[in-house]
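Let me begin by presenting the structure, written as structure tokens, before commenting on it.
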Amino acid sequence: LTLRRPDGKIVAAVRDEGLFLLDGTHAAPWAPAASAWLKGKSVSDGTTLSDGRLVITTLQNGLIILDGDTGAIEQSIGADAGLPDALLNEVRVDRDGSLWLAMEGPLVRIDLASPVTVFDVRRGLRGGAGDVAQHAGRIYAAMTHGLYSIDADGTAHRVVGIAEGAWRLRNVDDELLVGTTKGIYRVDAA
């Protein structure tokens, strides 16, 4: 894989050797932390973002985003960060600057311009999401494993008393109505 930096220099990924910076006359090792991260991984594709950052994808370990000048790893995105699969084939950038990942299974779009937080089992949620609502200053999520409230720090807690799957949430006056598989519950504003 070779990627062109905005300054015209070329970054080359060499299997099991790491990254090298080519300036037209010689090649020098570049980005030691990124080279170490890539060791033993199969690079599948890469691209240069409009701001000069570099994206390198791997066949089984997700992707890394590097500072285009220093080579420092800015971000690593894999299955543990919310990708449905870490097996990536190709990456493309759209006109908005978002990454499009072709992978084994789905096609994924990552909006790099806006921070994304994934709320799943790592934050305390279980099951699939049916609905989300804000009520009395809190965020609630209707999940197939019940109703959850989400704290300001992003931690989810199951609401006691609703043991079945919750599907829909509706704010009515000072109450939150919760549609479940066994009926409708209400959550007061207090």
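Where a number appears in this text, it was derived from the coordinates with a stated rule and is not lab data. If you're wondering where the values come from, they're calculated on a predicted model, not measured in any experiment. Glycine also receives a Cβ, built like all others from the backbone with ideal geometry; neighbour counts cover every protein chain displayed.
Express in whole angstrom the spacing between the alpha-carbon centres of region 51-93 and region 120-190.
Measuring centre to centre over Cα atoms gives 33 Å.
Net charge near Ala166: determine it from the other residues with C-beta under 12 Å of the C-beta of Ala166, scoring Lys and Arg +1 and Asp and Glu -1.
Numbers: positive: Arg126, Arg158, Arg168, Arg170, Lys182; negative: Asp131, Glu164.
Spelling it out: positives minus negatives among the neighbours equals +3.
Under a crude label model (7 Å from the Cα following the beta-carbon direction), how far is Asp23 from Arg168 in nanometres?
6.6
In the Gaussian network model of the chain, springs joining C-alpha atoms below 10 Å, which of Gly179, Gly46, Gly82 carries the largest mean-square fluctuation?
Result: Gly179 has the largest fluctuation of those listed.
Give, in nm to one decimal, the length gained when the segment between Trp100 and Asp51 is fully stretched (0.36 nm per residue of separation minus the Cα-Cα distance).
Details: separation 49, 0.36 × 49 = 17.64 nm, distance 1.67 nm.
Full extension of this stretch gives 16.0 nm more.
Go ahead and estimate [θ] at 222 nm for the chain from helices alone: -39,500 (n - 2.57) per DSSP H run with n ≥ 4, summed, over the residue count, rounded to 500.
My calculation for the chain gives -1000 deg cm²/dmol from helical runs alone.
Taking only Cα atoms and a 10 Å spring cutoff, compute GNM fluctuations for the chain and point out the largest among Ala79, Ala28, Ala152.
Ala152
Can you tally the net charge around Gln75? Count Lys and Arg as +1, Asp and Glu as -1, for every other residue whose Cβ sits under 14 Å from the Cβ of Gln75.
That sum, taken over residues with Cβ under 14 Å, equals -4.
Work out, step by step, the length gained on full extension between Leu1 and Arg122: first 0.36 nm times the residue separation, then minus their alpha carbon distance; give nm to one decimal.
Computed gain between Leu1 and Arg122 is 40.2 nm.
Match the structure shown to one of the listed values [x] -1.03, -1.23; [y] -1.02, -1.38; [z] -0.93, -1.15 of log10 I(q)/I(0) by the Debye sum over Cα atoms at q = 0.16, 0.19 Å⁻¹, computed from it, and give that label.
Looking at log10 I(q)/I(0) by the Debye sum over Cα atoms at q = 0.16, 0.19 Å⁻¹ for this model, the match is [z].
Any idea what log10 I(q)/I(0) is at q = 0.26 Å⁻¹ for region 87-156, Debye with uniform C-alpha scatterers and no solvent?
Normalising to I(0) and taking log10 leaves -1.04.
Note down the net charge around Asp111, summing +1 for each Lys or Arg and -1 for each Asp or Glu among other residues with Cβ under 12 Å from its Cβ.
Counting the neighbours of Asp111, the net charge comes to -1.
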